[in-house]
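Participant: My questions will all concern the structure given below.
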């Protein structure tokens, strides 16, 4: 039954090889995995019927020649860009069959009790509706370590996705309201934090169809699409450990707002639980549950994020920054997207520096807030937001980005106008110097730190504010800076050093 439903979904979405979410599951276990994709051209050249090859058995001897031919034409592009056979004609044929057998409710009609029972069984076994934290933790651990079957939430929205595919496939500039409704629906799926909804969005490859609307003149449609791209870019956003205290608080507030939307936190905060410790514990677990689920979804969001490898997407994002008449809100969204994808994989980082697209230099020109005595009002508003973004980029100290900032003409000058300097590449000597500075600061200010901590304890007991925390805040800032530097070294430098060391060792033998 599972194979039947999987093939049915693949047929409806026009997917020939594997659903993209399954590829994400495979890649999460082995980053070096080579994905085989068979295209129509290869099969037609080998005189193999596409209908026979679409759902062929792995044991079928006829597939060997086709796969061998495919390997000769191996493409390194992300799987999300692989060929999709979805068309409105396919939807008109398969859609009614899907409605009859599985139905829009995802539970099957009465004529198909086996499908109905199977989906209900899978949904009940993959969900834990009781507010039992131990069971929920066990469920989430199972979700991260094993293949997670699709549930009713996935089958609920398949027809909605295909209907929106049809709208985006056939719409033109005159159908602006339809396009906006479709994009708002896609954004809602992303913001739901529901694994099944995110997987469906990925499997349909609908974002590839939506990208062409970045070129539309209607700024409101462009806003909807940029907000979707911003949600996708969150798959690359920095870990909370590398953020400063103020940003951590902002992240927590965002989590609370999302939880209030579903009513969890609002109910707990208003409930009359006598044991305050138990109440606080439940709220903390709710935060963890939401964050953990978001972490699970990140591997699917990151696969969606590989759409930034497309030169078309980068070109249109750069055009938003360059266009003087563009909405200020849209330019702010591009800066936020830029901040997140600057923490992405190497392939996305390279896309920021395509020779034909001056993305980085165009964004850095926002730092110019006045020219010959004339204030550039948009840049005056956008520059502080970009300064915050570049502070994170510079604290990451990624070697690729440092190379770009050092070699792209004018970039260092733009940064200096805002008091920012391009840091040197990290090495163990720099790490040791930072550690020594932190240790010296602690030794010199030990007594003041103790006094400020004691003052904070007394102030909390009296219910008053403790304003004397200057040294403590400085110490906290130095610790955060050291943590970020160490994390950056381990993430971006240590692995490459080990890799080069192993290669040199092997070559010497």
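Participant: Of all the residues that make up segment 396-445, how many are outside any helix (DSSP H, G or I), more than 28 Å from residue 474 (Cα to Cα) and within 28 Å of the chain's Cα centre (by Cα)? Steps first, please.
Facilitator: To start, the set of residues in segment 396-445 that are outside any helix (DSSP H, G or I) comprises 397-398, 408-410, 418-427, 445.
Pick out the ones that are also more than 28 Å from residue 474 (Cα to Cα) and you get 408-410.
With the extra rule that they be within 28 Å of the chain's Cα centre (by Cα), the set shrinks to 408.
Counting residues in segment 396-445 that are outside any helix (DSSP H, G or I), more than 28 Å from residue 474 (Cα to Cα) and within 28 Å of the chain's Cα centre (by Cα) gives 1.
Yes/no per residue for (1) in contact with a helix residue (DSSP H, G or I) (Cβ under 6 Å, 6 or more places away or on another chain); (2) buried (at least 22 other Cβ atoms within 10 Å of the Cβ):
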| position | (1), (2) |
| --- | --- |
| 199 | yes, yes |
| 204 | yes, yes |
| 213 | yes, no |
| 216 | no, no |
| 219 | no, no |
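Participant: Test of understanding: among 225, 202, 183, 229, which residue is within 30 Å of residue 3 (Cβ to Cβ) and at pLDDT 90 or above?
Facilitator: It is 202.
Participant: Going by what's in this entry, would residue 372 be described as closer than 20 Å to residue 414 by Cα and exposed (fewer than 14 other Cβ atoms within 10 Å of the Cβ)? Break it down stepwise before answering.
Facilitator: Working: closer than 20 Å to residue 414 by Cα: yes; exposed (fewer than 14 other Cβ atoms within 10 Å of the Cβ): yes.
Considered against the rule, which asks whether it is closer than 20 Å to residue 414 by Cα and exposed (fewer than 14 other Cβ atoms within 10 Å of the Cβ), residue 372 comes out as yes.
Participant: Turning to a different aspect of this structure: If you take the residues of segment 221-230 that are touching a residue at least 60 places away in the same chain (Cβ under 8 Å) and under 27 Å from residue 18 (Cα atoms), which of them is surrounded by the fewest Cβ atoms within 10 Å (Cβ to Cβ)?
Facilitator: 230
One line per residue, one yes/no per condition, for (1) crowded, with 19+ Cβ neighbours inside 10 Å; (2) modelled with pLDDT of 90 or more; (3) outside any helix (DSSP H, G or I); (4) in contact with a helix residue (DSSP H, G or I) (Cβ under 9 Å, 6 or more places away or on another chain):
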position	(1), (2), (3), (4)
267	no, no, no, no
272	no, no, yes, no
277	no, no, no, no
291	no, no, no, yes
298	no, no, no, yes
332	no, yes, no, yes
338	yes, yes, no, yes
354	no, no, yes, yes
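The values are calculated or read from the model by the stated rules, or taken from the named source; none is laboratory data. Just so it is clear, the model here is predicted, and its values are computed rather than measured. Heads up, the Cβs are rebuilt from the backbone with ideal geometry, glycines too, and the neighbour counts pull from every protein chain shown.
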